[in-house]
Amino acid sequence: MSKCLICSSKFKPFVDFGNMPIANAFTPKEKTMKEYFFPMKVGFCSNCKMVQLVEQPDREKMFHENYAFFSSTSNYMKEHFKKFAESASNLQSLDQNSFVLEIGCNDGIMLQNFLANNVPCLGIEPSKNVAKVARDKGIAVISEFFDQRIANQILRDYQKADLILSANVMCHIPYMHSIYDGIKDLLKDDGVFIFEDPYLGEVIEKTSFDQIYDEHVFLFSALSISYLSNMHDLELIDVEPQITHGGSMRYTIAHKGRKNVSKNVFDLINKEKSIGLNDELSFFGFANSVDRIKKDLFELLTKLKNEGKKTVAYGATSKSTTVTNYFGITPDLVDCIYDTTPIKQNTLSPGVNIPVLPYSEFRDSDPDYVLLFAWNHAEEIMNKEKDYMTENKHWITYIPNVRVI
Ligand code: JHZ
Ligand code: SAH
């Protein structure tokens, strides 16, 4: 039995992926150090309804000066965060006297929009290389892991915030009580904390098991976020589904009793209960669904290899580390992965050592099949490659089912 990170109740894992490497540990071709692996299992706490990793590597192993994920590699995401910033600014009627904070600002993809509108803002970003990109844009960044201690440092050096934002970061942090305490200290009486993360309901519905990797310690729902917020005298006041990262949810939190709770919250909680996101029985079939995709994809890639077809992959995502390592996809099945991120290029992928090559070489490689690891960016990528991916070339996707397109 494992102990819940939120409420300390005991729970049992419902899926076990075996030993997994650090999802973003793209390593130099000359491996000098033994790779780190950890046992990756996920469970559901029946008491507070939180889905969580049983074990997570130390944060410094994942987030550091060579962090491989740069948010601005997707044009669609740049546009998404521009709209996110606009809607949050309007909600809080922000101006040059306001103060905005972002937890995990990465390369400044969100805060650059506040800077452009002269709204004072500050980013907290522990991974020094991505923080530098944000600073080079003129954004103020504290390069530390946010927690209650840093919140109090910000209170001393700056002021309380009208708006605290975070995207694809909250679900990465196991010490949630310190985060929530820090947010409570920092948020003005009428301030709001808005964050978004991959949504549990979508992960279960689509069997998007590859949203599970070392960095994602939690898969949130309205049920679990409202429980957690209540523990800290905060309140979930709105929810808004997003199509990003394969299906996310945006949560708005305020001091308890300060704002009206939207009908959206009651509706989503009722829907979650009706589809069983409050019941451990609902998670029992998940491992079998993952294994069905595993069998189908492995058989397809093996068949293509036996027919002498050339298969490459597109997008060296964090998600692909779970797919390749759990499915046993090695360089004999997939020649290489093409990616636009300079720090990932000319490396080997975590665990299974598939070469990662510069995107600029993709078209010359003349593949028959392209396995789309960045399936969450399918629209953007398929559009970009539509003239190249002609009749004899095919995409392969695997969420929710293995498909050849
Ligand atoms: P992408 C990361 O997940 C890690 P990943 C993290 N844990 C998280 O939650 C989300 O981001 C927010 C490349 N690419 O966005 C760039 C192209 O080559 O699916 C990236 O390496 N060409 C913080 O890693 C990768 O694909 C393109 O045209 O699963 C996409 O990674 C595009 C659009 C992307 O996130
Ligand atoms: N918000 C961006 C970045 C997501 S990447 C986007 O949606 O694209 C996740 C980021 O969270 C990484 O840059 C990582 O360094 C940062 N992070 C991890 N733990 C953190 C913490 N305790 N405080 C602040 N940032 C953290």
Inset, instruction - Report whether or not T390 is part of a loop (DSSP other than H, G, I, E, B), more than 21 Å from S74 (Cα to Cα) and free of Cβ contacts under 8 Å to residues at least 24 places away in the same chain. - result: yes
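Looking only at region 205-224, which residues are more than 10 Å from ligand 1 (Cβ to nearest atom) and out of contact with any Leu (no Cβ under 7 Å at 6 or more places or on another chain)?
From region 205-224, those more than 10 Å from ligand 1 (Cβ to nearest atom) are 205-209, 212, 217-224; that's our starting set.
Correct list: E205, K206, T207, S208, F209, I212, F218, S224.
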Legend entry - Residue count for region 376-387, restricted to those that are in contact (Cβ under 8 Å) with a residue 40 or more places away in the chain and under 30 Å from A287 (Cβ atoms): 4
Legend entry - Output for region 353-373, where each listed residue is touching a residue at least 24 places away in the same chain (Cβ under 8 Å), buried (at least 20 other Cβ atoms within 10 Å of the Cβ) and not aromatic (F, W, Y): I354, V356, P367, V370, L371, L372
Legend entry - Selection count, region 305-316, where residues are part of a helix (DSSP H, G or I) and under 30 Å from I343 (Cα atoms): 1
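Does region 51-65 hold any residues that are assigned to a helix (DSSP H, G or I) and either within 12 Å of ligand 1 (Cβ to nearest atom) or surrounded by 15 or more Cβ atoms within 10 Å (Cβ to Cβ) (or both), and which are they? Can you show your working first?
Taking region 51-65 as the starting set, the residues that turn out to be assigned to a helix (DSSP H, G or I) are 59-62.
Residues satisfying the conditions are R59, M62.
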Inset, instruction - Return the total of residues in region 31-71 being more than 11 Å from ligand 2 (Cβ to nearest atom), among the charged types (D, E, K, R) and out of contact with any Leu (no Cβ under 9 Å at 6 or more places or on another chain). - result: 5
Inset, instruction - Please verify whether region 198-208 includes one or more residues that are in a strand (DSSP E or B) and open to solvent by less than 10 Å² (accessible area, probe 1.4 Å). - result: yes
Legend entry - Selection count, region 355-375, where residues are over 12 Å from Y314 (Cβ atoms) and of a type outside the set (D, E): 3
Legend entry - Some residue of region 184-193 being more than 22 Å from L372 (Cβ to Cβ), modelled with pLDDT of 95 or more, charged (D, E, K, R) and in contact with a helix residue (DSSP H, G or I) (Cβ under 6 Å, 6 or more places away or on another chain): yes
Inset, instruction - Kindly indicate whether K303 is more than 30 Å from Y67 (Cα to Cα), more than 16 Å from ligand 2 (Cβ to nearest atom) and free of Cβ contacts under 8 Å to residues at least 24 places away in the same chain. - result: yes
Legend entry - Test set (1) within 22 Å of T207 (Cβ to Cβ); (2) touching a Lys or Arg at 6+ places or on another chain (Cβ under 8 Å) - V356 fails condition number: (1)
Inset, instruction - Output the residues belonging to region 66-95 that are more than 16 Å from ligand 1 (Cβ to nearest atom), open to solvent by 80 Å² or more (accessible area, probe 1.4 Å) and not in a helix (DSSP H, G or I). - result: S93
Inset, instruction - Quick one: count up the residues across region 317-329 that are assigned to a loop (DSSP other than H, G, I, E, B) and either within 16 Å of ligand 1 (Cβ to nearest atom) or farther than 15 Å from G18 by Cβ (or both). - result: 3
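Which residue is most open to solvent (accessible area, probe 1.4 Å), if the candidates are limited to region 238-263 and must be among the polar types (S, T, N, Q), under 19 Å from L165 (Cβ atoms) and not in a strand (DSSP E or B)? Full working, then the answer.
Just the residues of region 238-263 that are among the polar types (S, T, N, Q), to begin with: 242, 244, 248, 252, 260, 262.
Now restrict to residues that are under 19 Å from L165 (Cβ atoms): 242, 244, 248, 252, 262.
With not in a strand (DSSP E or B) added as a condition, the list becomes 244, 262.
On the way: T244: 6, S262: 29 Å².
Here the residue is S262.
The values are calculated or read from the model by the stated rules, or taken from the named source; none is laboratory data. In this text, all values refer to a predicted model and were calculated from it rather than measured experimentally. Every residue, glycine among them, receives a Cβ derived from its backbone with ideal geometry; neighbour counts consider all protein chains shown. With ligands, DNA and RNA removed, areas are computed over all heavy atoms of the protein, side chains included. Shrake-Rupley method; radii C 1.70, N 1.55, O 1.52, S 1.80 Å.
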